[in-house]
Amino acid sequence: MNPETPSDRVKLERADDPKLRRAWASRARRRRYTVLYVALVIAGAALLGWAPRGGGVLQAIVPMLAMAVVIGVVLFVITQLNRFTRLSLPHRLLDERQRADRDAAHRVAHKAMAAVLMAVFFLACLVPVYSPPSVVFPSGLAAPLLFTLVMLHTSAPACYLAWTRPDELPDEDGPDRF
Amino acid sequence: MPSEKSNGRRARSAATTETIHNRIAVLRAERGVSRRELAEALGVHYQTVGYLERGEYSPSLHLALSIAKYFEVPVEVVFSTEPFPRIGH
């Protein structure tokens, strides 16, 4: 955890910004944001599934705008989660405890994603292939499923850390109290 | 003879219950050192000092030796596998 360049120092200062820390120090608040994030991903998947094919320009623009808004909010929330859980910082700027936390989060996320991908592979590929012709995977589900998988894969470590890290200790030297 | 499965489960259980007790908070209070000052001297985040004091993180050998060196005491004065006796008991 040795900032070698001015840019490293800026990154560390931003990560330790008292305003940001006040906002995310409480585990309850982090968990609320994680739940909000999952709800937004579900909403995005539902919007993708609901988007009408064909029709007028207006019918195409409204769902597209709604989707853009949802994706914008999803990206904002996940960026904040990454900032607080220090996933936005390079590995060299973390101390040994933070590196261990990050490694554990990636390990858990990898295992969870492997399980989810296996389930999707089973349901989307194996079941339709080895079932009677009447059993088909609905093609309309492909886009929402892909969206959910991408969002899950990119955010699982941050969600795990945000959910499991305990409340931060108040700074003895600073004015902030949680 | 215990099976490999139960051995693995026991090893995992032992790993999760391995606790290293420490007297960092006491030494820090005695010397009048803040968490942030200690963290800066050790090159770690000050929240990590909090995690160590609460027993929520067991340090690497390097960090344990650095902490002992900072307080100028042998490492066994700061860390132990057994709980430290409480003062007044």
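The values are calculated or read from the model by the stated rules, or taken from the named source; none is laboratory data. Please read these numbers as outputs of a predicted model, since none were measured by experiment. In this analysis, Cβ positions are derived from the backbone assuming ideal geometry, glycine residues included, and neighbour counts consider all displayed protein chains.
For every residue, the table says whether it meets (1) at pLDDT 80 or above; (2) within 14 Å of another protein chain (Cβ to nearest Cβ); (3) in a helix (DSSP H, G or I); (4) surrounded by 15 or more Cβ atoms within 10 Å (Cβ to Cβ).
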| residue | (1), (2), (3), (4) |
| --- | --- |
| A:Ala109 | yes, no, yes, yes |
| A:Phe121 | yes, no, yes, no |
| A:Val136 | no, no, no, no |
| A:Leu145 | yes, no, yes, yes |
| A:Val150 | yes, no, yes, no |
| A:Pro157 | yes, no, yes, yes |
| A:Asp171 | no, yes, no, yes |
| A:Pro175 | no, yes, no, no |
| A:Phe178 | no, yes, no, no |
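Scanning the range A:86-104 for residues that are more than 9 Å from chain B (Cβ to nearest Cβ), of a type in the set (A, V, I, L, M, F, W, C) and assigned to a loop (DSSP other than H, G, I, E, B) returns A:Leu87, A:Leu89.
Please work out if A:Ala25 is touching a Ser or Thr at 6+ places or on another chain (Cβ under 7 Å) and crowded, with 17+ Cβ neighbours inside 10 Å. When the stated conditions are applied, A:Ala25 does not pass them.
Among the residues of the range B:52-80, those identified as at negative phi and more than 14 Å from chain A (Cβ to nearest Cβ) are B:Ala68, B:Lys69, B:Tyr70, B:Phe71, B:Val73, B:Pro74, B:Val75, B:Glu76, B:Val77, B:Val78, B:Phe79, B:Ser80.
Of the residues that make up the range A:54-69, is at least one touching a helix residue (DSSP H, G or I) at 6+ places or on another chain (Cβ under 7 Å) and in contact (Cβ under 8 Å) with a residue 60 or more places away in the chain? For the range A:54-69, residues touching a helix residue (DSSP H, G or I) at 6+ places or on another chain (Cβ under 7 Å) and in contact (Cβ under 8 Å) with a residue 60 or more places away in the chain: absent.
Per-residue answers, yes or no, for (1) at pLDDT 90 or above; (2) within 22 Å of A:Pro3 (Cβ to Cβ); (3) among the aromatic types (Phe, Trp, Tyr); (4) surrounded by 14 or more Cβ atoms within 10 Å (Cβ to Cβ):
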position	(1), (2), (3), (4)
B:Arg10	no, no, no, no
B:Leu27	yes, no, no, yes
B:Arg35	yes, yes, no, yes
B:Glu40	yes, yes, no, no
B:Leu63	yes, yes, no, yes
B:Val73	yes, no, no, no
B:Pro83	no, no, no, no
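Only one of the listed residues (A:Val41, A:Val70, A:Val77) is outside any loop (DSSP other than H, G, I, E, B) and touching a Ser or Thr at 6+ places or on another chain (Cβ under 7 Å). That residue is A:Val41.
Apart from one condition, A:Arg83 fits all of (1) within 14 Å of chain B (Cβ to nearest Cβ); (2) surrounded by fewer than 19 Cβ atoms within 10 Å (Cβ to Cβ); the exception is (1). I'd like to check something: does the range A:46-62 contain any residue that is of a type in the set (S, T, N, Q) and surrounded by 14 or more Cβ atoms within 10 Å (Cβ to Cβ)? For the range A:46-62, residues of a type in the set (S, T, N, Q) and surrounded by 14 or more Cβ atoms within 10 Å (Cβ to Cβ): absent.
For the range A:15-36, a residue qualifies if it is at pLDDT 85 or above and not β-branched (Val, Ile, Thr), and the qualifying residues are A:Ser26, A:Arg27, A:Ala28, A:Arg29, A:Arg30, A:Arg31, A:Arg32, A:Tyr33, A:Leu36.
From the list B:Ile67, B:Ile20, the one residue that fits, being modelled with pLDDT of 95 or more, of a type in the set (Val, Ile, Thr), surrounded by 12 or more Cβ atoms within 10 Å (Cβ to Cβ) and within 23 Å of A:Pro166 (Cβ to Cβ), is B:Ile67.
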